[in-house]
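No lab work stands behind these numbers, since they all come straight from the coordinates. Source: prediction; values computed, not measured. Neighbour counts run over all protein chains shown; Cβ positions are idealised from the backbone, glycine included.
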């Protein structure tokens, strides 16, 4: 689908590692931090926002999770009469929240993004409302692990990556090589200041300032990765798969008419524009291959040759998965994930697409890129791809 959305601002927290610095920040709290920063950067007042749309997958990670988009908006100063929408397209939720603004942008600018705290996902007991026999309580269930298993496909997300590894002849060495490169690229990007303009520092409970990526393994090595045991009896290990993470990201987006008036009034220029999005389904047992069809269809619709793009980020759910996409699309090492992705930067589910979008928007605004695609595979068998362009 062709779009014409303008990104007026984009901010995100550093990505916290599982049970790390952001472990006690609920998703609404993370969303408010980045929403306030995005609104301030854009000079768009809360009274002007017509809709708030936020991606979130683990809604049970906080009591106010079901109210996420609404509470973020109200706490960030958005007018009471503005509408709100929670979005759950699983790993594509952050992208979906942004492009959903196309539905409402004719009414005014939208506050969009994603927020996730995977550290706070609860353990719970099913079927306990009617009680249970004395001394025979039902088993506790890990809601996070359940979310990473597709009951229809009868496979965990990791097992779908193993299937792709077999299909595309991807070895453990291939996966570890890619994982190491992801960490090295993300580490270099951070040192080069590639993330500075998008990151909102977070003040922690002890007064310390959290302003650096927490999931990057700066000292990773081939030797360290090789020592890790396979998780699914194949090529996937904890070292060559994405992390479970906590983060928030928010953008202010608008249609062309508002963006023009806004530029004249503020003297600011949009960071980038979004010109298209495609979401497609695929075989749930080959979940990770979803970006292939999405990127191909998107490129056809907007008449781009993706092979000539300098920057394509396909979220790294698993090294085996992203390498399968790379092989199928014949992407080069140089153009795919130049600054790292899910393996090194982490994968905070509902926030990931918004994190990727924020990063691409700032790269375009800095003049480093003219065109780029952000994409993700999606649990249950889907793929999403979004096209970004300089204004």
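Start at zero, step by 5 Å, and the Cα-Cα distances of region 121-175 spread as 4, 15, 17, 14, 14, 11, 9, 6, 4, 5, 1 percent across the bins.
Please order 282, 91, 110 by the number of other Cβ within 10 Å, starting at the fewest.
282, 91, 110
Using the Kirkwood radius built from alpha carbon pairs, what does the Stokes-Einstein equation give as D for region 239-290 at 10 °C and 1.306 mPa s, in µm² per second? Please report the intermediate quantities before stating the final value.
On the way: Rh = 15.4 Å.
For the chosen part, D equals 103 µm²/s.
Comparing 272, 222, 254 in a Gaussian network model of the chain, where Cα atoms under 10 Å apart are tied by springs, the biggest mean-square fluctuation is seen for 222. When 307, 42, 84 are sorted by how many other C-beta atoms sit within 10 angstrom of their C-beta, beginning with the fewest, the order is 307, 84, 42.
Please report, largest first and rounded to whole Å, the three semi-axes of the ellipsoid equivalent to region 273-389, where each semi-axis is the square root of five times an eigenvalue of the C-alpha gyration tensor.
Working: eigenvalues 77, 50, 36 Å².
After scaling each eigenvalue by five and taking roots: 20, 16, 13 Å.
For the Cα trace of region 1-125, dividing Rg by the Kirkwood Rh returns an Rg/Rh value of 0.97. Relative contact order of region 115-263: 30 percent, from C-alpha pairs under 8 Å at least 6 residues apart in sequence.
Antiparallel as a % of all DSSP beta bridges within the chain, to the nearest 5?
Numbers: 42 of 57 bridges.
Here the antiparallel bridges make up roughly 75 percent for the chain.
Fewest neighbouring Cβ atoms within 10 Å first, the residues 262, 304 line up as 304, 262. The chain gives an Rg/Rh value of 0.97, both radii derived from C-alpha positions and Rh following Kirkwood. Measuring from centroid to centroid over Cα atoms, what is the spacing of region 132-158 and region 26-66 in Å? Computed from Cα coordinates, the inter-centre distance equals 30 Å.
With N counted as the residues of region 123-256, its alpha-carbon radius of gyration over 2.2 N^0.38 Å works out to 1.45. With an 8 Å Cα cut-off and a minimum separation of 6 or more residues, compute the relative contact order for region 273-389 in percent. After rounding, I find 46 percent. Counting alpha carbon pairs within less than 8 Å and at least 6 residues apart, what relative contact order, in whole percent, applies to the chain? RCO, the chain: 28 percent.
Geometric descriptor of region 326-386, per residue, is 102 Å³ (volume of the convex hull of the Cα atoms).
Taking a quarter of the surface of the Cα convex hull of region 205-277 gives a mean projected area of 10.2 nm². Shape index of region 40-190: Rg/Rh, with Rg the Cα radius of gyration and Rh the Kirkwood radius from the inverse mean 1/r over Cα pairs, equals 1.09.
Can you tell me which of 228-238, 146-156 comes out highest on packing, and rank the rest after it, using the mean Cβ neighbours within 10 Å? Show your work: numbers first, answer last.
Details: 228-238: 16.8, 146-156: 14.2.
Per-residue mean Cβ counts within 10 Å order the peptides as 228-238, 146-156.
A straight line joining the Cα centroids of region 179-217 and region 245-310 runs 23 Å.
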